[in-house]
Amino acid sequence: MKILIVEDEKLTALVIQKKLENLGYNVCGSVMRGSDAINEASANKPDIVLMNIHLKGEMDGIEAARIIKETYNIPIIFVTAYSDNNTIERAKLTNPLGYLIKPVNEKDLITTIEIALYKHKTETEIKQSREQLRELTAKIQSIREEERKKISREI
């Protein structure tokens, strides 16, 4: 499993990376800007992104998360020091699979990652099942129409 870290403080990113690697996870990249996070998500297709909200540059983590989620369907976990109501409301709009307040301990980190990955996998399977059901329903409807036409011609 590949994890992308998006964190504007280099030391914090290194601490999180070491925690993840000690837990057996593969960190495929660590960036400090929202635009770099989008590029890295495109290039490396991580399984999950740990996203800080306040980043270097013009794009914050919430906007970067929205783009990554919409474009690549990669789940996001916010890891931030900010928990004010306005920030949480904005973050909720991106449908994150977790929201951790720094400093993060290893147990909370691994639990949140594992639950987020499980939920993302389940949601993906449900979407695929719904699509298959839609296709099957359309096929059945088409067959019914053909049968009706056939019966109509015979009568």
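Filtering segment 102-143 down to residues that are of a type in the set (Asp, Glu) and free of Cβ contacts under 8 Å to residues at least 40 places away in the same chain, which residue is most open to solvent (accessible area, probe 1.4 Å)? For segment 102-143, the residue satisfying everything is Glu135. The sole residue among Val27, Val49 that is in contact (Cβ under 8 Å) with a residue 12 or more places away in the chain, of a type in the set (A, V, I, L, M), buried (at least 20 other Cβ atoms within 10 Å of the Cβ) and not in a helix (DSSP H, G or I) is Val49. Of the set (1) on the phi > 0 side of the Ramachandran plot; (2) at pLDDT 95 or above; (3) not polar (S, T, N, Q), all apply to Gly57 but (2).
Collect the residues in segment 67-95 that are surrounded by 14 or more Cβ atoms within 10 Å (Cβ to Cβ) and basic (Lys, Arg), keeping them in residue-number order. Within segment 67-95, Lys69, Arg90 meet the criteria.
Looking across segment 1-21, the residues that are surrounded by 13 or more Cβ atoms within 10 Å (Cβ to Cβ) and part of a helix (DSSP H, G or I) come down to Thr12, Ala13, Leu14, Val15, Ile16, Gln17, Lys19, Leu20.
Screening Tyr99 on (1) out of contact with any strand residue (DSSP E or B) (no Cβ under 6 Å at 6 or more places or on another chain); (2) open to solvent by 50 Å² or more (accessible area, probe 1.4 Å) shows it passes everything except condition (1). Given the structure, is Asp60 without any contact (Cβ under 8 Å) to a residue 24 or more places away in the chain and farther than 14 Å from Lys2 by Cβ? No; evaluated as a whole, the condition is false for this residue.
The values are calculated or read from the model by the stated rules, or taken from the named source; none is laboratory data. Model, not experiment: these values are computed from the prediction. Cβ atoms come from the backbone with ideal geometry, glycine included; neighbour counts cover every protein chain shown. Just the protein is used for accessible areas: all its heavy atoms, side chains included, with ligands, DNA and RNA removed. Shrake-Rupley method; radii C 1.70, N 1.55, O 1.52, S 1.80 Å.
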